[in-house]
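Scroll down for the structure; my scribbles are underneath it.
None of the figures in this text is laboratory data; all of them are computed from the coordinates on show. This is a predicted model, so every value here is computed, not measured. Glycine gets a Cβ as well: all are built from the backbone with ideal geometry, and neighbour counts include every protein chain shown.
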Amino acid sequence: MSGIQQHFISSPSLGRLVKGLSRLPRLLLSVVAGYLRELGVGLLAILAAMVVVGFMIAAAGLDTLRAYRALLEGSVGSINGISETLVRATPLILIGLGIAVAFRGGMWNIGGEGQFYLGALGAALVGIYLPPMSPVVHVLLALLSGFTCGGLWAAIAGYLRARRGANEIVVTIMMNYLAAFLISFLVSGPLRDNSRLIPVPQTPRIVDSAVLPRLIPQTRIHAGFLIAIVAAVAVWFLLERTTVGYSIKATGENPEAARYGGINVPLISTLAMVLSGGLAGIAGMSEVTGVHRYLLEGISPGYGYLAIAVALFGGLSPLGVILSALFFGALMVGAEAMQRAVGVPVATIYLLQGLVVIFVLARQVLLRRRRILDLKA
Amino acid sequence: MLQMCGITKHFPGVVANDSIDLEVEAREVHALLGENGAGKTTLMNILYGVYSPDRGEIIWKGKSLRLRNPRDAIEHGIGMVHQHFTLIPTLSVAENILLGQRTPHEPFFDASAAERIVRDLSQQLGVKIDPHVKVSRLDAGTQQWVEIIRALSRGAELLILDEPTSVLTPGEAERLFEAIKMLTGKGKSVIFVTHKLKETMALCQRVTVLRRGKVVGTVNACETTEHELARMMVGREISLHVERRPCTPGDVVLRVEEVSALGTRGQQALHRICLEVREGEILGIAGVAGNGQTELVGAITGLHPVTAGRIEIAGEDVTRCSPRQIIQRGVAYIPDRPWQTATLPDFTVAHNAILRMHWDAPFAQKGILRPTAIMQYANQLMTQYDIRASSSRVVARQLSGGNLQKLIVARELARQPRLIIAVNPTAGLDIGAREFIHKRLIEQRDKGCAILLVSADLDEIMDLSDRIAVMYMGRVVGHVTCDKATVEMLGLMMAGVV
């Protein structure tokens, strides 16, 4: 080896190339190792949570192993199961990405649920009331409308925090209720589908050109999943490769230093909030145009809240959000199978989800404590 | 009275203390001298029971001592005043004094006992402290007295003072020295932890010098010189004062006219301040912290709103400009406590190096960051300014204090500024790093840069400044050229006497 290297080093540029190339694998390895470590920690948290919950299932006199097998088979054991998992994961990815952007920008956006509702409303209006047109244009318009509605809804909280100092956690939580009641009012009143014999609280169906295509026949998996993946790439690019992303992260990390650094902190934190709400809005759009095809009361089974756990479990990074959304989506689907097969209540899954998040956060707290000890030294 | 023998303490990756021997006699003021990271504070924390040593023995009054926590140390009569205060700001002085102490009245608060302690001890020490006032309302100097009173009230016979003068004016430091002499007169011993040579010489009988976790030597203060101590501390020849040519001022770069501003609590922080800094000169602002320096610097950099007056940079009115507009006019700013106010701890060194110009070419084009250009620039800064980190990809929080400070200084000076505003640029740095930063500042001055230097460290002000302005209660109370300034005169002005 050394002989070969010496031979190359005799020609300087080649030598440099070889040296550079020989460094490359180590660099790649360290990057991959970093990801693997994070992944390992996540898997460990899941395992620990499953052990704890397993004992509880056993304590209730049920068969833990059979329950977990049902969970696995239900969520990823068949084409249909996988497709259902992806259907659940889609809104979780989108809202989770939004929450990651807000959290990275130091804004504690708990309003994913409300922003999701508003996005659903925006998409439904475009889908119902615009005339049929080219599907591509119609879907894009619905997407834009969903993004705008969700973004503006979040902008209220962002503005109140940035300019008036109102706590965004409180404001966004309250606005979740406003959004839910607004949708209830609209679908049982002004927007209700009155063509039915017995009117139910839901809007008329959106026109066909606004419907997102299904990806696999006979299943519910739709193009919204692809939108979510594209959004994840876009969020990664924004955060890692643009000055706006730099400013958002700087503001979240140390607002005082950001201000010193010439960053307009109120503007950037409002912007982070708008992007965050916009992504949740796209999730609403994808549910309306991809799954239900009309707007209804209670369109979200708590996606907005679950997405907070998804974002945290995913380490607030786009790739992490995708992986953790897939996991949480699988749990949602598998839980139903588990209840059917073994009679374990669905609520057990909430326990599992809660424990996973607690285990991951516990590690972060431990890490921080170690860091503080190191600093003291 | 106290012997520490062969104390060794490892932290992950470093040997903080390597078989250290230290001997303190009764009635002695013993200086523990060393640069940052030399292991002074670690050693003292071992003596105070915060850490337990890996090896070594503490012998106190002839008996071997095993300390599990600070409570043990206090019970044996060892008291410590930390560099970063440990008082609870929302409690009163009296409440802080009794914190963690038992009284016969428990569980009720023994207010009269606390008041008596504060009154008696503050009288002995020759300071005035109201036991009922909240600690948050006291200035740093007074808080330090409260810390000392607390330690004494618990029966400390050996008092450890960790860098006690870093928060004091020269006058206050003088008072502290008087008090320390009084205490040793009463049979107490003091370990005085510092990296300041003058104080060591003025106050202490013996000096133990630490370098990189080892004892370099213990000497009698009367048999040594400042220069000798500096050499022991740093391990090489060092110039204590920067050399500089007389200045040749050019055009006015910064003009502050009749500027007034409110402080964060709504008080009048600046009263019609007037200043001028020219090309190629350093204007030093002396003053005790909290006399309007923060607001003045904030006003110039666009971070703090002004209520009246006018600020010009190179002839342009910038009074209402945003921080970014001021940066773009070529103003570099090294703020106070930069690890808090000017760094992004979880960003990489490279991304920290481009803060304040991250929107500009070559680091970004049309809003897209250019990683290669950023990395190259960061590597260049790291070599030029000798910033030690394993790579520009490590996060800033992994850098030591000195390296972080160098990174900030490098970032600000490398952009070829027209005006530099530096606030306490070497606070907490050791002599070596301090010398380095001073040289860079003088270099910039000689290149024609205008520099406004705000520092609580009078030596630094006197070493570097061509002219000195003294601030007191939001006004400029005096203005002198460097050749006419003396410490006594500046000290009196800073205290508002002249």
Nearest 500 deg cm²/dmol is fine: what mean residue ellipticity at 222 nm does the protein assembly as shown get from its DSSP H runs of n ≥ 4 alone, each adding -39,500 (n - 2.57), divided by its residue count? -16500 deg cm²/dmol
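From the Cα gyration tensor of chain A, with a ≥ b ≥ c the square roots of its eigenvalues, which class applies: rounded if a/c is under 1.5, or else prolate if a/b is larger than b/c, or else oblate?
Working: a/c = 1.63, a/b = 1.34, b/c = 1.22.
It comes out prolate by the Cα gyration axes.
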Fewest first, what order do A:F359, A:F328 take by the number of other Cβ atoms within 10 Å? A:F359, A:F328
Over all directions, the stretch B:242-291 yields a Cα convex hull whose mean projected area in nm² is 4.8
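Taking each residue of B:333-344 in turn, how many C-beta atoms of other protein chains fall within 10 Å of its C-beta, and what is the average?
Numbers: counts 1, 0, 3, 0, 1, 2, 2, 3, 5, 5, 5, 10.
Partner-chain Cβ atoms within 10 Å, mean over residues of B:333-344: 3.
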Using the Kirkwood formula on the Cα atoms of the stretch A:126-272, what hydrodynamic radius do you get, in angstrom to one decimal? 18.5
Antiparallel %, DSSP beta bridges [both residues in the stretch B:2-234], to 5: 55
Going by the alpha-carbon gyration tensor, a ≥ b ≥ c the square roots of its eigenvalues, is the stretch A:242-377 rounded (a/c under 1.5) or, if a/c is not under 1.5, prolate (a/b greater than b/c) versus oblate? oblate
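Using packing as a proxy for protection, rank B:294-307, A:148-161 so that the peptide with the highest average count of other Cβ atoms within 10 Å comes first.
Going by the mean number of other Cβ atoms within 10 Å, highest first, we get A:148-161, B:294-307.
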Plugging the Kirkwood radius over Cα pairs into Stokes-Einstein for the stretch A:90-158, at a temperature of 20 °C and a viscosity of 1.002 mPa s, what D comes out in µm²/s? 170
Loop-only GluC sites (Glu not before Pro) in the stretch B:13-74, please: DSSP not H, G, I, E or B, and at most 15 other Cβ atoms within 10 Å. B:E25
Computed Rg/Rh of the protein assembly as shown, alpha carbon atoms with Kirkwood Rh: 1.03
Can you list residues from other chains, or at least 5 along the same chain, whose modelled amide H is less than 5 Å from the amide H of B:A308? B:S260
How much length is gained if the chain between B:A140 and B:T264 is pulled fully straight, taking 0.36 nm per residue apart and subtracting their Cα-Cα distance, in nm to one decimal? 42.9 nm
Which FRET efficiency value, to the nearest 0.05, do you get for A:Y35 and A:V200 by plugging their Cβ-Cβ distance into 1/(1 + (r/R0)^6) with R0 = 60 Å? 0.80
Mean separation of Cα contacts under 8 Å, 6 or more apart, over the residue count of chain B: relative contact order %: 15
Report the Stokes-Einstein translational diffusion coefficient (µm² s⁻¹, integer) for the stretch B:252-494, Rh taken as the Kirkwood radius over Cα pairs, at 37 °C with viscosity 0.692 mPa s. 179
Distant-in-sequence amide H partners of B:A286 (H built 1.01 Å from N, under 5 Å): B:A469, B:V470, B:M471
Expressed as a whole-number percentage, the relative contact order of the stretch B:2-234 with C-alpha contacts under 8 angstrom and at least six residues apart is 30
Relative to the compact globular guide of 2.2 N^0.38 Å, what is the alpha carbon radius of gyration of the stretch B:2-234, as a ratio? 1.01
How tilted is helix A:168-188 with respect to the longest principal axis of chain A? Cα atoms for both, answer in degrees (0 to 90, nearest 10). 30
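Within a 10 angstrom radius of each residue's Cβ in A:240-246, how many Cβ atoms of other chains show up on average? Whole number is fine.
The mean count of partner-chain Cβ atoms within 10 Å per residue comes to 6.
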Förster radius 25 Å - calculated FRET efficiency between B:K186 and B:E106, Cβ distance, rounded to 0.05: 0.25
Distance in nm between B:I59 and B:V252 label points, each 7 Å along Cα→Cβ, equals 6.9
Among A:K249/B:K40; B:K40/B:K181; B:K9/B:K406; B:K40/B:K134; B:K40/B:K61; B:K406/B:K484, which pairs are too far apart, with a Cα-Cα distance over 25 Å? A:K249/B:K40; B:K9/B:K406; B:K40/B:K134; B:K406/B:K484
Within the stretch B:252-494, what percent of beta bridges assigned by DSSP are antiparallel, to the nearest 5? 60
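Given R₀ = 60 Å, FRET efficiency for A:V346-B:R337 by Cβ-Cβ distance, to 0.05? Intermediate values should be presented prior to the final figure.
On the way: r = 52 Å, r/R0 = 0.86.
That pair, A:V346 with B:R337, gives E of 0.70.
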Amide H proximity to B:L254 below 5 Å, modelled H, separation 5+ or other chain, gives B:V277, B:A314
Taking every residue of A:255-267, the Cβ atoms of other protein chains inside 10 Å of its Cβ average out to 6
Placing one equal point scatterer on each C-alpha of the stretch B:146-274 and summing with Debye, one gets log10 I(q)/I(0) at q = 0.11, 0.13, 0.22 Å⁻¹ equal to -0.65, -0.79, -1.32
Determine the percent antiparallel among the DSSP beta bridges restricted to the protein assembly as shown, to the nearest 5. 55
Taking a ≥ b ≥ c as the square roots of the eigenvalues of the Cα gyration tensor, with a/c under 1.5 meaning rounded and otherwise prolate when a/b exceeds b/c and oblate if not, chain B is prolate
